[in-house]
Amino acid sequence: MENRKSSYLIIALNKLLDGKSLSYIENAKNSNQYFCTIKNHGIELIEVSKPNLTNRGYHLDRRLNLTAENIERAENYLYSLQGIKDRKVTKNHQERKPTNKADR
């Protein structure tokens, strides 16, 4: 169960970091719990209430708040879920190299 939960979080974070808006996570039984988990890790999501197309209800359309600090938090959480320790190698996102304070 934990692996499945992590994989849904990885999918959601990848899409949010790629600039996409999400209202649900495909095949997840309760998408809201995953968005809550993301927010509980200090990652800010912008949530906009939009009307449903099929009924009078509403759903939340979520996207990542694109501040540098928030993107870094999201990437760090994504890397921890993937078990990546070396941040130099990333799959879809910009290559980040650790900064050395002595070089400044």
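The values are calculated or read from the model by the stated rules, or taken from the named source; none is laboratory data. Note that the structure is predicted; figures quoted are calculated from it, not measured. Only protein heavy atoms, including side chains, enter the accessible area calculation; ligands, DNA and RNA are left aside. Shrake-Rupley method; radii C 1.70, N 1.55, O 1.52, S 1.80 Å.
How much accessible area per residue does segment 1-58 have, counting only protein heavy atoms and a probe of 1.4 Å, in square angstrom?
It amounts to 70 Å² per residue over segment 1-58.
Taking 0.36 nm per intervening residue step and subtracting the Cα-Cα distance, what contour gain separates N70 from C36 on full extension?
Length gained, N70 through C36: 10.7 nm.
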